[in-house]
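The values are calculated or read from the model by the stated rules, or taken from the named source; none is laboratory data. Please read all numbers here as calculations on a predicted model, not as lab measurements. Don't worry about glycine lacking a Cβ; one is built from the backbone with ideal geometry, like all the others, and counts go over all protein chains shown. Calculation scope for accessible area: heavy atoms of the full protein, side chains included, ligands and nucleic acids excluded. Shrake-Rupley method; radii C 1.70, N 1.55, O 1.52, S 1.80 Å.
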Amino acid sequence: MAKPNSTFVTEILFEGFSSFRWQHRLAFFVVFLTLYLLTLSGNVIIVMIIRLYHHLHTPMYFFLSMLSISETCYTVAIIPRMLSGLLNPYQPIAIQGCATQLFFYLTFGINNCFLLIVMGYDRYVAICNPLRYSVIMGKRACVQLASGSLGIGLGMAIVQVTSVFGLPFCDAFVISHFFCDVRPLLKLACTDTTVNEIINFVVSVCVLVLPMGLVFISYVLIISTILKIASAEGRKKAFATCASHLIVVIIHYGCASIIYLKPKSQSSLGQDRLISVTYTVITPLLNPIVYSLRNKEVKDALRRAVGQKPLSP
């Protein structure tokens, strides 16, 4: 039940970085805008390179391009509004706008988590079952896996958004965050949120704990197979194909787990905000950086694109 004599809010104001002086906010704006533009350009370049060069038309690079597109949509849902808030911290957002932002944030964030599982499965099949790789990871299977990841993201986002925005928000209308996220919004509700907390925890477990478990199992099998390879060169090449994915997985799931699996009693506003900035601004930039710097085929394609290496016949 909602509290009596409460005024139901129709707009929400982000506390975000409003406690910082304008000089600091301006510095943050320049830094975050630079990172945002690098993220967008890096992911767009990866997608274009994979599309342009036929030798990159493989399942591994198909999933990488899907991850880059998803990361781009994810950052577009959050960062432009955050940059606007840095310049003018007293811009309210309508409840409908907040629900829309949360929907896209969750959809593409969850999609990223499951795409990383799919990429781990792709590496597992390539290394542990190479003779059947082209059969198992055919074009149709790749499209189905990518579509399934997006479908799971959409479904879970609908559940979360419906759950949160089915609550009455009253009295307070300022959230201690720089975008619409589940936990800060639940603190605004003027009714019992136990069911919503349970839903949020179950979704977090399904999106983080189960995928991490599956990725861990796949890499145990991958590493055990690699260690059986006779030649040192073969082992090195096999490890190299997995290294980029493993780095992205550790950073992505690590930050997300700290945010969404940490007990409420251990939440600190400053720490949560710092981790959220890392997760929403810095982590999406790591995808193009890690894959372009550690992947020989992507680096070669980039050199060809800028004319530093002749095209293969």
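Table for the structure above
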quantity	calculated
At R0 = 51 Å, FRET efficiency that the Cβ-Cβ distance of T10 and V306 yields, to 0.05	0.50
Accessible surface, 1.4 Å probe, highest first, among residues V281, V306, V161, V143	V306, V143, V161, V281
Tilt relative to the chain, helix 22-52 - C-alpha long axis, 0 to 90 degrees, to 10	40
Compactness of the chain - radius of gyration and Dmax, Cα, Å	21.5, 76
Disulfide-incompatible cysteines by the Cβ rule (no partner under 4.7 Å) in the chain	C73, C113, C128, C142, C206, C242, C255
Computed [θ] at 222 nm, helices only, for the chain once each DSSP H run of length n ≥ 4 contributes -39500 (n - 2.57)	-23500 deg cm²/dmol
Selected from H55, Y253, Q91, residue furthest toward positive end of dipole (the range 11-302; charges at beta carbon)	H55
Three-way shape call for the range 147-218 based on the alpha-carbon gyration tensor, with the a/c threshold at 1.5	prolate
Contour excess over end-to-end distance, with Cα ends at L221 and R235 and 0.36 nm allotted per residue	3.6 nm
Between the range 102-127 and the range 37-91, the Cα center-to-center distance that results, in Å	15
L83/I198 FRET efficiency (R0 30 Å; Cβ-Cβ; nearest 0.05)	0.30
Spin-label proximity, S18 to the range 168-190 - amide N less than 11 Å from point 7 Å beyond Cα toward beta carbon	173-177
Where N is the number of residues in the range 19-119, Cα Rg divided by 2.2 N^0.38 Å	1.30
Selected from V195, A126, G153, residue furthest toward positive end of dipole (the chain; charges at beta carbon)	A126
Under 22 Å, Cα to Cα: Lys pairs in the range 11-302, sequence gap 8 or more or different chains	8
Degrees, to the nearest 10: 95-128 long Cα axis against longest axis of the chain	20
Gain upon complete extension [A27, I289; 0.36 nm per residue less C-alpha separation]	92.0 nm
C-alpha long axis of helix 59-87 to longest principal axis of the chain, angle in °	30
Label-point separation in nm, I158 to H57, each point 7 Å along Cα→Cβ	3.4
Charge dipole (debye, nearest 20) of the range 11-302; +1 at Cβ of Lys and Arg, -1 at Cβ of Asp and Glu	920
Peptides ranked, highest mean first, by Cβ atoms within 10 Å: ranges 13-21, 99-107	99-107, 13-21
